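Notes for the one structure printed next.
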Amino acid sequence: MTFSQFSSYIQKIEETASRLTMTEILADLFSHLDVHECAHAAYLLQGNISPKYRPQQFNFAEKLVIRSLAELFSIQPAQLTQQYKQEGDLGTTIQGLKQKQKSINKSKHTIEVVFAKLVAIAQYEGAGSQERKMHGFAQLISEVDPLSARYLVRIPVGALRLGFSDMTMLDALSWMMTGDKSLRRKLQKAYHVFPDLGYIGTVLKKQGLSAVEKIKPEVFTPIIMMRAERITSAQDIIDKIGTCIIEPKYDGFRLQVHKKGDKVVLFTRGLEVATYMYPDIVKAVQDEVSADEIIFEGEAIGYNPETSSFLPFQLTVQRKRKHGISEKAKEIPLKLYSFDLLYLDGTNHIHSPFVERKKLLRENIDNHNDATKDSIIPAEETVVEEAKRIEALFDDAVARGLEGIMAKKMTGTYQPGTRDWNWIKYKKSYSSKVTDTIDCVVMGYDFGKGKRTAFGIGAFLVGVFDPKNDQYFTIAKIGTGLKDEEWHKLLSLIKPLKVAHIPSSFIVDDLMACDVWVTPKIVVEIRADEITRSPVHTAGRVMQKTKTGTAMEVKEPGYALRFPRLEHFRLDKSPQEATSIKEIKTISL
Ligand code: AMP
């Protein structure tokens, strides 16, 4: 397929707000692709040239792109910047400029050729590589037609946001095969252990569904992480899963460790590669993990060797950084409390019972039972039969500065990408009642009035996630309680995510409309006094037709947070990991 034809599909996707229509367009696109084009198309549609967890870095500063494109059109960079600011999108600006050119290029470049050129450009290294990248990219833009240029320009500056998620892509692949979404579950199962849409699409097209169903975890490809259900009493834990294993809930950040020989790769829960950030953990895995080939998980938490105590989350999280890594590693050493094993020496263990996985994990960690020496430590575990014992372990964990406990079903399998009763979290409260914070997705913001006008942000809208339909529903608009630096941080994180129209996955009442909408990406942990009901929020809201049948009215109001406060930015969580509507319903009971 030519890149030009591919761009026409992108245009159709861009023009629709309906997820179903997008699914159909994508299915049509994939059915017209050759097998060898599937992976390229899947990555390009996500604005990338590789699966998300193996990002190829373009490192293109917008300013430099503008400079080299201005040169291409023989105009001043300032003039191009001005046009772009007016238009609000570099893609359409470049398309417009190309359309005005005397001879309009009717490029016959295939997707494959454009893809290969982008890869080559991204891989330039060494002295003068920025210049070569810019030159190569401008050259590529000169070779394609205006519509192709519109989308191509957005890729290296990270602005190709087509507003559909990986789940829509899976639906589309199903649609291509069957004309409906019936294969989503099966495809999703493969995706959970091998989240590479390009690979899944290729295998499906080339070898069919049965081959996709055989896709297994592989070292250095992250497995989408399992999540825990929550419960608010120890007795409920016993009622739900009976005799179980209790582990402390360490309050740090989760890492999935992949090791083969001496090579170690660390993935965050958002499936980002974090190896370079934690050289101390990499070294500890090389020294202390005996298995040759292993995938295991743990919670990294800051540790004070002088007092033998854990550091609070606010300190641990300072280890997440791009610069000054080795200094911070000395200041805040990490321990990796390891709690699960998913793969060992060629065998996939996600279907093995938890007790067996944990046993294998313990056997593969060389431990001295001495926290001053060990850095990779199996999570402490206690088998319990009674609620009273759970309460005692919970109190003990909280007294040690931990978050609470995790209860694990002894026979439970590892359920990738799923929130499951095989793991239950029981967290400490700030009041006498056990309450939990809520992980919300930032959906948009208002400019604000008074003092805040100077800030550029006065309030932000947050929502929760509905995994069934891949949609976000609002639960609070937050305009107070943030420190100045928190407002600045929030704005700097969300400003680059600005989109021209409200994303089709957002379900928002008109009264909650924002000045600026953003792509769902940033997760914030919110604490509230209470969950109340409100007709202006859409989380859990039920609508019905009015008596005349001409309009809609609220039948049951939605859930809303009373006195919401920002606790933390949860940059380790993806928007799909935000609290779900189902959980909100349970918490509010
Ligand atoms: P939450 O992020 O509140 O949904 O709680 C689940 C998270 O707790 C996991 O994703 C881990 O990052 C963290 N965690 C801490 N200790 C453990 C443990 N022992 N077992 C599993 N997860 C743990």
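Structure values in brief
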| quantity | calculated |
| --- | --- |
| In the range 109-125, residue surrounded by the fewest Cβ atoms within 10 Å (Cβ to Cβ) [restricted to those that are in a helix (DSSP H, G or I) and not hydrophobic (A, V, I, L, M, F, W, C)] | Q123 |
| Pairs, first farther than 19 Å from E131 by Cβ in the range 69-84, second at pLDDT 95 or above and open to solvent by 50 Å² or more (accessible area, probe 1.4 Å), C-beta under 6 Å, six or more apart | none |
| Matching residues, the range 482-509, being loosely packed, with under 14 Cβ neighbours inside 10 Å and outside any helix (DSSP H, G or I) | K483, A500, H501 |
| Any chance V383 is in a strand (DSSP E or B) and in the same structural domain as D236 (by TED's automatic domain parsing) | yes |
| Residue in the range 100-107 that is open to solvent by 20 Å² or more (accessible area, probe 1.4 Å), of a type in the set (S, T, Y) and part of a loop (DSSP other than H, G, I, E, B) present | yes |
| Candidate set from the range 510-536 (those that are assigned to a loop (DSSP other than H, G, I, E, B) and within 21 Å of K449 (Cβ to Cβ)); member that is most open to solvent (accessible area, probe 1.4 Å) | D515 |
| Restricting the range 416-460 to residues that are among the acidic types (D, E) and modelled with pLDDT of 90 or more, the residue that is nearest to the ligand (Cβ to nearest atom) | D439 |
| Subset of the range 231-254 that is open to solvent by 30 Å² or more (accessible area, probe 1.4 Å) and within 16 Å of the ligand (Cβ to nearest atom) - its residue that is farthest from R321 (Cα to Cα) | T232 |
| Unique residue being more than 16 Å from the ligand (Cβ to nearest atom), at pLDDT 95 or above, assigned by TED's automatic domain parsing to the domain that holds R319 and buried (at least 22 other Cβ atoms within 10 Å of the Cβ) when the list is I294, I281 | I294 |
| Test: residue in the range 62-78 that is under 29 Å from the mean Cα position of the chain (by Cα), assigned to a helix (DSSP H, G or I) and basic (K, R) | yes |
| Counted residues, the range 1-55 - those being touching a Cys at 6+ places or on another chain (Cβ under 8 Å) and at positive phi | 0 |
| Some residue of the range 361-370 being in contact with a Leu (Cβ under 7 Å, 6 or more places away or on another chain), surrounded by 15 or more Cβ atoms within 10 Å (Cβ to Cβ) and at pLDDT below 95 | no |
| Condition met for Q286 (away from the ligand (no atom under 16 Å from the Cβ) and at pLDDT 95 or above) | yes |
| Complete set of residues in the range 396-415 that are at pLDDT 85 or above and open to solvent by 20 Å² or more (accessible area, probe 1.4 Å) | D396, M406, K409, M410, T411, T413, Q415 |
| Hits in the range 4-61 (condition: within 18 Å of D180 (Cα to Cα) and surrounded by fewer than 16 Cβ atoms within 10 Å (Cβ to Cβ)) | S18, L20, T21, D28, S31, H32 |
| Residues satisfying the stated conditions in the range 336-357, i.e. touching a Lys or Arg at 6+ places or on another chain (Cβ under 7 Å) and assigned to a strand (DSSP E or B) | D340, L341, N348 |
| Subset of the range 443-472 [hydroxyl-bearing (S, T, Y) and either open to solvent by 30 Å² or more (accessible area, probe 1.4 Å) or part of a loop (DSSP other than H, G, I, E, B) (or both)] | T453 |
| Some residue of the range 316-331 being open to solvent by less than 30 Å² (accessible area, probe 1.4 Å) and either within 13 Å of the ligand (Cβ to nearest atom) or not assigned by TED's automatic domain parsing to the domain that holds E381 (or both) | yes |
| Candidate set: the range 371-380, residues that are in a loop (DSSP other than H, G, I, E, B) and open to solvent by less than 70 Å² (accessible area, probe 1.4 Å); chosen: the one nearest to K427 (Cα to Cα) | A379 |
| Subset of the range 205-225 (residues that are touching a residue at least 40 places away in the same chain (Cβ under 8 Å) and either farther than 18 Å from Q256 by Cβ or within 16 Å of the ligand (Cβ to nearest atom) (or both)) | K205, K206, P222, I223, I224, M225 |
| Residues of the range 555-566 satisfying the condition of being surrounded by 15 or more Cβ atoms within 10 Å (Cβ to Cβ) and not basic (K, R) | P557, G558, Y559, A560, L561, P564, L566 |
| Condition met for L69 (within 15 Å of P156 (Cα to Cα) and open to solvent by 40 Å² or more (accessible area, probe 1.4 Å)) | no |
| Residues satisfying the stated conditions in the range 540-554, i.e. assigned to a loop (DSSP other than H, G, I, E, B) and surrounded by 11 or more Cβ atoms within 10 Å (Cβ to Cβ) | G540, R541 |
| Whichever residue in the range 297-310 is without any contact (Cβ under 8 Å) to a residue 60 or more places away in the chain and open to solvent by less than 40 Å² (accessible area, probe 1.4 Å) and, among such residues, is nearest to I223 (Cα to Cα) | A300 |
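For every residue, the table says whether it meets (1) within 20 Å of the chain's Cα centre (by Cα); (2) within 30 Å of D166 (Cβ to Cβ); (3) assigned to a strand (DSSP E or B).
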{"position": "I245", "(1), (2), (3)": "no, no, yes"}
{"position": "P248", "(1), (2), (3)": "no, no, yes"}
{"position": "K259", "(1), (2), (3)": "no, yes, yes"}
{"position": "A284", "(1), (2), (3)": "no, no, no"}
{"position": "T307", "(1), (2), (3)": "no, no, no"}
{"position": "T316", "(1), (2), (3)": "no, yes, no"}
{"position": "K322", "(1), (2), (3)": "yes, yes, no"}
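The values are calculated or read from the model by the stated rules, or taken from the named source; none is laboratory data. None of the values given here were measured: they were computed from a predicted structure. Positions of Cβ are generated from backbone atoms using ideal geometry, with glycine treated the same way; all protein chains shown enter the neighbour counts. The protein model used for the area step is the full one, side chains on, heavy atoms only, and it has no ligands, DNA or RNA in it. Shrake-Rupley method; radii C 1.70, N 1.55, O 1.52, S 1.80 Å.
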